[in-house]
Structure formats: structure tokens, C-alpha cells
Amino acid sequence: MEIPVLDFSKLEGEERSETMASLHDACAKWGFFMIENHGVDVELMEKVRLLVSQHYEENLKASFCDSEMAKNLENNGYISDKDWESTYFIWHRPCSNIKELTSLSNDLRKAMDDYIDQLIRLAEKISELMCENLGIEKNHIMEAFSGSKGPSVGTKVAIYPQCPHPERIRGLREHTDAGGIILLLQDDQVPGLEFFKDGKWVKIPPSKNNRLFVNTGDQVEILSNGAYKSALHRVMAMKDGNRLSIATFYNPAGEAIISPAPKLVLPSHYCFRDYLNLYTKTKFGDKDLRFQSLKNMANGRPSILTGEN
């Protein structure tokens, strides 16, 4: 099964329409895709990968190996309530906590801050493209996510260490993401990420050629009125090598009020005779205009087809 790969450089040329159609298809039918030529500095991406891996080796590996979970894996059957991962979370917006993570080197903090600045711009671009494909205002997702101080942006940094008994535990259990747009800088060597599609688990390959992996969370599914899906996914524990995962979440602010975009909601709570009245007058017209007229009438506005209240 070929995972959608979108070349964002084509958004500026003659292949824009085809690329936009591919993006819409990926969001509607898959809930995940890869992007290349995304505009994020590839040297910076590699620097972040390197520094995160160094931080794990120097600060986290020993404590993970000495943890009760790691020790008990040898003696237990399948462990269903824990994940085989070493992880920490960095908040970026609206407030950053990166200075409070004192074990992080200055080089890692600086590289992460620079990387996130570029990633937020990419997330905003993706949100605008989604809105364009959905036929709603370009800034709708950004404004819906913003709250009083902008969106909530954070990064889960995870290492999935080499596992001696991968059949006994998940790297990360099955779930959908709660938030909005997730941009993943993942390992370029070790696999393990899997997404569920059409009744099957799809193996996501390591990210070659500086591709970023993107998936949509629950809030995008809600805002799009179900047009775009959040997909179930998991991480398998692996016997060969550590897997690196740097997942940045472009999410709504905590106080943001989330609901489907009004333009995407079908009319509701109308009397069938009113629909039949519209239908007999506009049977050979545009169905969407009938639906919009019913919405207008429910909100006390004139029908766009008949002018009636």
C-alpha cells in the first residue's frame, strides 16, 4: 500500500491543482501523508535529530534500562498497560518550558527553538491548504485554534529503545491524536510506526530524503465535520536499534471552542415539507444551494433560492 507523498514545491507551479487534489484525498481517505520539499531547513532537521539522540544516550538511556518496566520485561508475559518508550514533552506556544528542562544542552534548546519556528509556519500553511480544499475561509483552522494567545504547540520527543522482547509490549499503544495537525520528524533507519487503514495496519517506513510525516488529529475531524479523518496508529517495539520520534502538535488553545465549520454542516431540524417545497421549485438546480437555503431559513435568514423566510 503506497502512502501518499506530496511534493510541496509543486504548489507554486502548473501542478498545483493536482497536488491540492492529492492533499484532499490524503486527508479524507488516509488521515496521514508524507511531504517533501516542505521548506524546513534540512540541516536543522538533521541537527535536531543528532542532538536529541545524544541527549538520550547521555541523560536518559541508563535510567530507562534501570527502570522496573525494563527489568520486568524478562519475567512477564504481554504488558498491556505500559509503553516501551523514553519520552519528554516540550511546550513552545503560547508559553515555552524549554528553559525549565535543565538537562537539555544549550545547543539542543537553540536548535529546537529554530526548528519549531519553521514548523509552525509549515503547520499554518497546511491548515490554509486544508481550508482551501474544504471550501471554507483560509484562516478558519488557525482562528478556531487560536484562543486569546494563539494556538497550543508542543513537541513530544521519544526514543523507542531496542527491545529484547518486542512481542511482549507495544512501543506506544493504539490511539488517535487528540489535537490538530501533527508533524513528525522521525527516524531515517528504524521502522515501527503503523497506521490503521481499511481494516489493516499499514507500516510507515523511516523518513528518507528529509521527508516529514503528517497526520491529522481529532480536532481536524471535528472542524471538518468528518470530512478529514484522524487515524488510529501505534508504534511497535523493535528488536534492532533505537527509533527516534520528534512529534510536534499544532493544537487548539486550551480555551478554544471547537465545532464543525458552519459551511460544512448539513442542514438539520427542518420540516420535510419545507424541503419538498424547495425541491419542487429547484429540482433541476444545485442541491448544495437547497441545503444552504435550509440553513438560512433555520437561522431566520431568507432562502437564497426563493427569498422566503
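Would you pick out the residues in segment 88-124 that are polar (S, T, N, Q) and either farther than 23 Å from Leu172 by Cβ or within 19 Å of the chain's Cα centre (by Cα) (or both)?
Quick first cut of segment 88-124, residues polar (S, T, N, Q) only: 96-97, 102-103, 105-106, 118.
Listed by number, the residues that qualify are Ser96, Thr102, Ser105, Asn106, Gln118.
Tell me, which residue of segment 205-224 that is at pLDDT below 95 and of a type in the set (S, T, N, Q) is surrounded by the fewest Cβ atoms within 10 Å (Cβ to Cβ)? So that I can check it myself, show each step before the final result.
Kept after step one, since they are at pLDDT below 95, are these residues of segment 205-224: 205-210.
Pick out the ones that are also of a type in the set (S, T, N, Q) and you get 207, 209-210.
On the way: Ser207: 21, Asn209: 10, Asn210: 16.
Residue satisfying both the conditions and the ranking: Asn209.
Look through Leu232, Leu278, Leu264 and report the one residue that is buried (at least 20 other Cβ atoms within 10 Å of the Cβ) and in contact with a Ser or Thr (Cβ under 7 Å, 6 or more places away or on another chain). Spell out the reasoning first.
Working: Leu232 fails: buried (at least 20 other Cβ atoms within 10 Å of the Cβ); Leu264 fails: buried (at least 20 other Cβ atoms within 10 Å of the Cβ).
Exactly one of Leu232, Leu278, Leu264 is buried (at least 20 other Cβ atoms within 10 Å of the Cβ) and in contact with a Ser or Thr (Cβ under 7 Å, 6 or more places away or on another chain), namely Leu278.
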message: Regarding segment 125-143, can at least one residue be identified that is at pLDDT below 95, small (Gly, Ala, Ser), over 21 Å from Ile35 (Cβ atoms) and assigned by TED's automatic domain parsing to the domain that holds Ile181?
response: yes
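Residues are listed down the side, and each one gets a yes or a no for (1) assigned by TED's automatic domain parsing to the domain that holds Asp117; (2) crowded, with 18+ Cβ neighbours inside 10 Å; (3) closer than 21 Å to Ala123 by Cα:
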| site | (1), (2), (3) |
| --- | --- |
| Leu11 | yes, no, yes |
| Met20 | yes, no, yes |
| Asp25 | yes, no, yes |
| Lys29 | yes, no, yes |
| Phe33 | yes, yes, yes |
| His38 | yes, yes, yes |
| Leu50 | yes, no, no |
| Met69 | yes, no, no |
| Leu73 | yes, yes, no |
statement: For Thr176, the lone unmet condition from (1) among the polar types (S, T, N, Q); (2) within 18 Å of the chain's Cα centre (by Cα); (3) farther than 17 Å from Ala26 by Cα is (3)
message: Testing His269 on (1) on the phi < 0 side of the Ramachandran plot; (2) modelled with pLDDT of 80 or more, one condition comes back false. Which one is that?
response: (1)
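Would you pick out the residues in segment 4-21 that are of a type outside the set (D, E, K, R) and modelled with pLDDT under 95? If you could, list the steps in order and put the result at the bottom.
Initial filter on segment 4-21 (of a type outside the set (D, E, K, R)): 4-6, 8-9, 11, 13, 17, 19-21.
Selection gives Gly13 alone.
State all residues of segment 214-248 that are assigned to a strand (DSSP E or B) and in contact with a helix residue (DSSP H, G or I) (Cβ under 9 Å, 6 or more places away or on another chain); if no residue qualifies, say none. It would help to see each step written out before you state the result.
Filtering segment 214-248 for residues assigned to a strand (DSSP E or B) gives 214-216, 233-236, 243-248.
Result: Val214, Asn215, Thr216, Met236, Leu244, Ile246, Thr248.
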- prompt: Restricting to segment 123-180, what's the tally of residues that are over 30 Å from Lys263 (Cβ atoms) and without any contact (Cβ under 8 Å) to a residue 40 or more places away in the chain?
  reply: 0
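Table: residues versus (1) under 22 Å from the mean Cα position of the chain (by Cα); (2) within 13 Å of Leu108 (Cβ to Cβ); (3) at pLDDT 95 or above.
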site: Leu23; (1), (2), (3): yes, no, yes
site: Ala28; (1), (2), (3): yes, no, yes
site: Glu43; (1), (2), (3): no, no, yes
site: Arg49; (1), (2), (3): yes, yes, yes
site: Ser53; (1), (2), (3): no, yes, yes
- prompt: Looking at segment 225-263, which of its residues are of a type in the set (Val, Ile, Thr) and either under 21 Å from Ser152 (Cβ atoms) or without any contact (Cβ under 8 Å) to a residue 60 or more places away in the chain (or both)?
  reply: Ile246, Thr248, Ile257, Ile258
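The values are calculated or read from the model by the stated rules, or taken from the named source; none is laboratory data. Because the structure is predicted, anything quoted here is derived from the model rather than measured. Cβ: placed from backbone, ideal geometry, glycine included. Neighbour counts: every protein chain shown.
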